[in-house]
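The values are calculated or read from the model by the stated rules, or taken from the named source; none is laboratory data. All values derive from a computational prediction rather than experimental measurement. So basically every Cβ, Gly included, is an ideal-geometry build from the backbone, and we count neighbours across all protein chains shown.
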Amino acid sequence: MSNNRTKRRCLIAIAAVAAAIVTALLPGSAITPAPSSAATVWLCKPGMKSNPCAVSMASTALYPDGTTRAERPRRPKAPPVDCFYVYPTVSTQPTGNSNLTIEPEEVAVAQDQASRFSAKCQVYAPMYRQLTKAGSMLATSPPTTTPDPELAYRDVRAAWREYLRKFNRGRGVILLGHSQGAKNLTRLVQEEIDGNAKVRKKLISAMIIGAAVLVPDASDVGGSFQRVPACRQARQTGCVIAYNTYPSTPPLNAFFGITLVPGMRVLCVNPNGLAPGVSGPALPYVPTARVASALSSAGFPVPGTWWVSLPDMYSTQCLSNATHTWLQANDVSPAGDRRPRFGQALGPRYGFHQVDITLNLGSLVRLAGSQAAAWKKKAKASQ
């Protein structure tokens, strides 16, 4: 009995920290007065002269035997649907919340996570006064101002409402967010979409990655969202894709994939095999500049394309145990494969959190295309 109580206290502490680590959390009163929001500052928006969500699509596929293949897909001039992207915790400003100045960190993460989606959608990405690294559990020293998660969410909500009012024009939209961005999108779906049939009809899918979407133990809907179920088919629309990636069974004190809400579990939808229990090959895409040094060290020439893809390296599958549910990325590369691997940059408690999207980027973009086509077909049929 004593051991059980000790384990439960440990899990409660882990869950509390896990809730904080992704930062922008559930609704609550603001810690500090929140200034009123002006018009949205857009990090990415169609027509911008300098748009980090519209970089080159050119890529070089690097295979296990060292051979390569050039990939030069064309970006359509006017994709028929939109994406609304909210980036993760990246700001290095010393305050608890960032300001709305576009800095290299926001540009880089938009390029890494969102730009390839421009092959399937027009990407809108708002700046928001997020909790900075200093204002989150990533802090190495106290922030200079008190963090206010409500301020971050209100900026995201204001941007969403502006997008609907000024830019949507009846188009379907894919939500894409990671970590703190995913937490804000979870609340956005809860408050602005789940109970609004008119807006919900516009939802192609919600890719809410690296956070905690809850579902009942025996269901794919009914926890965080009442009307937005898990995506289980490639052409299913109005659904959610959510997961947290680890390279093996997470440690007991892992930050992601855990909840102590009775009767609930953290949703895991494998983008490489949507049906429960199915595994499938991942297709990572990494900006070449991020891996140039590692490629050179491994004896590979550095490609001249913006991207490097790494086929046949990982396979993913949703798994669970008594405490956690997670997307496990198994290294399936053959012996002698010298390509650089992903690491647990923040330690085993985070797993592959930093590369949740990167490791599955090819599959997520392909899935966005399938869902967008299905949504367009349904929309046309209903006219």
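Among CYS231, CYS239, which is the only one that is more than 12 Å from the chain's Cα centre (by Cα), buried (at least 23 other Cβ atoms within 10 Å of the Cβ) and closer than 20 Å to LYS120 by Cβ?
CYS231
Can you pull out the strands (runs of 3 or more DSSP E) entirely within segment 161-246 that have at least 2 residues that are under 26 Å from PRO79 (Cα atoms)?
Strands (runs of 3 or more DSSP E) meeting the threshold: 173-178, 203-209, 239-241.
So LEU100 fits all but one of (1) without any contact (Cβ under 8 Å) to a residue 12 or more places away in the chain; (2) touching a Lys or Arg at 6+ places or on another chain (Cβ under 9 Å); (3) within 16 Å of CYS44 (Cβ to Cβ); what number is the exception?
(1)
For the subset of segment 114-141 comprising residues that are in contact with a Pro (Cβ under 8 Å, 6 or more places away or on another chain) and among the polar types (S, T, N, Q), which member is nearest to SER59 (Cα to Cα)?
SER115
Considering only residues that are of a type in the set (A, V, I, L, M, F, W, C) and not in a loop (DSSP other than H, G, I, E, B), look in segment 29-57 and name the one that is modelled with the lowest pLDDT. Can you show your working first?
Step one: of segment 29-57, the residues of a type in the set (A, V, I, L, M, F, W, C) are 30-31, 34, 38-39, 41-44, 48, 53-55, 57.
Checking the rest, the ones that are also not in a loop (DSSP other than H, G, I, E, B) come to 42-44, 53-54.
Working: TRP42: 98, LEU43: 98, CYS44: 98, CYS53: 97, ALA54: 93.
Applying the filter and picking the extreme gives ALA54.
Which residues, taken from segment 270-288, are surrounded by 24 or more Cβ atoms within 10 Å (Cβ to Cβ) and out of contact with any helix residue (DSSP H, G or I) (no Cβ under 8 Å at 6 or more places or on another chain)?
If the condition is that a residue be surrounded by 24 or more Cβ atoms within 10 Å (Cβ to Cβ) and out of contact with any helix residue (DSSP H, G or I) (no Cβ under 8 Å at 6 or more places or on another chain), then ASN270 is the only one that fits.
For segment 100-108, state whether one or more residues are part of a helix (DSSP H, G or I), at pLDDT 95 or above and among the β-branched types (Val, Ile, Thr).
Keep residues of segment 100-108 that are part of a helix (DSSP H, G or I), which gives 104-108.
Restricting the remaining residues to those that are at pLDDT 95 or above gives 104-108.
When the remaining residues are screened for being among the β-branched types (Val, Ile, Thr), the result is 107.
Yes, segment 100-108 has at least one match.
Scan (1) surrounded by fewer than 20 Cβ atoms within 10 Å (Cβ to Cβ); (2) touching a residue at least 12 places away in the same chain (Cβ under 8 Å) for the single condition LEU327 breaks and write down its number.
Result: LEU327 fails condition (1) only.
Can you go through THR144, THR89 and tell me which one is crowded, with 21+ Cβ neighbours inside 10 Å, β-branched (Val, Ile, Thr) and in a loop (DSSP other than H, G, I, E, B)?
THR89
Taking only pairs six or more apart or across chains, which ones have beta-carbon atoms under 6 Å, a first residue in segment 47-70 that is over 26 Å from VAL107 (Cα atoms) and touching a residue at least 12 places away in the same chain (Cβ under 8 Å), and a second residue that is buried (at least 19 other Cβ atoms within 10 Å of the Cβ) and among the polar types (S, T, N, Q)?
THR68/THR60
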